[in-house]
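Visitor: Below is the structure I would like to discuss, written out as structure tokens.
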Amino acid sequence: MHIAFLTPEFPHAKIAHAAGIGTSIKNLTTALINEGVKVTVFVYGQKTQEVVLENGITIHLLKKRKYRLCSWFFYRKFIQNYCSSIIKREKIELLEIPDWTGISAFMNFKIPLIIRFHGSDTYFCHLENRKQKLKNFWFEKLAVIRAKAFIAPTTFAGDVSKELFKINSKEIKTIHYGLELENFTNNSPEIYEKDLILYVGTLIRKKGVLELPEIFNKVHTIFPNAKLVLIGSDSFDIKTNSTSTWQLLQNQFTKEDLKYVTYLGKIPYQEVRDYIKKANVCVFPTFAETLGMVTIESMAMQKAVVNSSIGWAQELIIDKESGFLVHPSNSSLYAEKIIQLLENDSLCSQIGKQARTRVEDKFDIKKVVTKNIEFYQEIINKKR
């Protein structure tokens, strides 16, 4: 079997951007290679046009191109023609593409095309109750129409996408993202920095970061030594037009609370993992997600997590057993759960252990990859 992925991001030294989509694809492609599946990755929107080989994966960097008119159309056709030539030459049997921006709109391929619902603009606008540009919806809708089948990281994400795009006759398969669990071990879970609360993710409104000042204030009133560490890229705020969400956050924290808040920005991922190990409690109060990679990474490292309770999160965590689920708008209850964990070391330990067990059961890439291979084979066999 030879599978290809078309993506705007992938973790590699020559690729500037790699976030959740790229990480999940990297985890999957590595596991596919280990199972004897041949993998090719096409990464569009890059600064250079070249081919690199890493750990058995052939990576094609497709340079961003501009045209005098309709760049959105002609660049898509360039991608299609380039990929088609490699597909034919390398006998690639199936192509997987993310839903974001509907990059495969106006593309035609002679092999089956699968869309994975990592989170479209349509999906996020719906969850955030935010108006979407009509152009963005139609690009994503056209891409969906051309797909043979779909994979969703959670049943919630699949059901919402199905409704938004009116998908009736094509299959949506739920296959969770997977982790290479050996990369997320914590041999000393009993060692951590007391009262350290950690958030990892982009500083953006949809991730619930603007709820953190009020939540932290309630925690800090009970635990005056509590510290909040924020890790992730800063971003533009769509509601206020502020160029910095971090600046908005600083204005919302009280002067006293702000003394106990540290923003580290974007740091190397090994350092992120070190901070997860160091944390007493990890918090993810997001309003919009499809699964949440860093949530399951924290769980894998035996951390007590207070997570959003919305849809997708209910497939990650069993409330009060492998973590806490709280709606991010309920700052009092959110703070109460953090306080409960800071007060009780044995509860943190118990939830952390059960979180690890949950991840081993549901999100081990060695189990998840088998489900992907079986689904790919099913779609390829239908083509034959």
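Values quoted throughout were computed directly from the atomic coordinates according to the rules given, and no laboratory measurement underlies them. Note that this is a predicted model, so its numbers are computed, not measured. Methodologically, a virtual Cβ is constructed for each residue, glycine included, from the backbone with ideal geometry; neighbour enumeration extends over all protein chains shown.
Visitor: Can you give the relative contact order of the range 179-327 as a percent, counting alpha carbon pairs under 8 Å and 6+ residues apart?
Guide: 28 percent
Visitor: Positive end of the charge dipole of the chain (Lys, Arg +1 and Asp, Glu -1 on Cβ, about the Cα centre): tell me which of T245, L6, H118 has its Cα farthest that way.
Guide: Selected residue: L6.
Visitor: Please give the FRET efficiency for K63 paired with I222, using the beta carbon to beta carbon distance and R0 = 41 Å, rounded to the nearest 0.05.
Guide: 0.15
Visitor: Oh, and also: Length gain on complete extension for the stretch T185 to K320, per 0.36 nm per residue less the alpha carbon to alpha carbon distance?
Guide: 46.4 nm
Visitor: Let me ask something else. I need the shape label for the range 1-121. Rule: rounded when a/c is under 1.5, else prolate if a/b > b/c, else oblate, with a, b, c from the alpha carbon gyration tensor.
Guide: rounded
Visitor: Counting C-alpha atoms alone, how compact is the chain: give Rg to one decimal and Dmax as a whole number, in angstrom.
Guide: So, for the chain, Rg and Dmax equal 21.2, 66 Å respectively.
Visitor: Over the range 243-384, what relative contact order in percent results from Cα pairs under 8 Å that are six or more residues apart?
Guide: 21 percent
Visitor: Could you work out the helix-only [θ] at 222 nm for the chain, with each DSSP H run of four or more residues adding -39,500 (n - 2.57) and the total divided by the number of residues, to the nearest 500 deg cm²/dmol?
Guide: My calculation for the chain gives -13000 deg cm²/dmol from helical runs alone.
Visitor: Could you list the trypsin sites (Lys or Arg not before Pro) in the range 1-79 that lie in coil according to DSSP, counting only those with at most 15 other Cβ atoms within 10 Å of their Cβ?
Guide: K14, K47, K64, R65, K66, R68
Visitor: Considering only I296, I103, I222, give the residue with the highest GNM mean-square fluctuation for the chain, with springs between Cα atoms whenever their separation is below 10 Å.
Guide: Judging by the Gaussian network model, the answer is I222.
Visitor: For the chain, modelled as a GNM with alpha-carbon contacts under 10 angstrom, which of R146, R205, R89 fluctuates the most?
Guide: Per the Cα network of the chain with a 10 Å cutoff, R89 tops the list.
Visitor: On a C-alpha basis, how far is the centre of the range 2-74 from the centre of the range 159-208 in Å? Whole number, if you could?
Guide: Rounded to whole Å, the Cα centres lie 21 Å apart.
Visitor: Rounded to the nearest 0.05, what FRET efficiency do L142 and F74 give with R0 = 22 Å and r taken as the Cβ-Cβ distance? Could you check?
Guide: Computed FRET efficiency for L142 and F74 comes out at 0.90.
Visitor: Next up: Defining a contact as two alpha carbons under 8 Å apart and six or more residues distant in sequence, what relative contact order in percent does the chain show?
Guide: Relative contact order for the chain comes out at 14 percent.
Visitor: Follow-up. Considering the chain as a Gaussian network with a 10 Å cut-off on Cα pairs, which listed residue, I373, I175, I114, attains the greatest mean-square fluctuation?
Guide: Most flexible of the set in this elastic network: I373.
Visitor: Return one quarter of the surface area of the convex hull spanned by the alpha-carbon atoms of the range 249-380, equal to its mean projected area, in nm².
Guide: One quarter of the hull surface, i.e. the mean projection, equals 10.0 nm².
Visitor: Amide H to amide H under 5 Å from A105: which residues, 5+ apart in sequence or cross-chain, H placed 1.01 Å off N in plane?
Guide: Placed amide hydrogens put A143 under 5 Å from A105.
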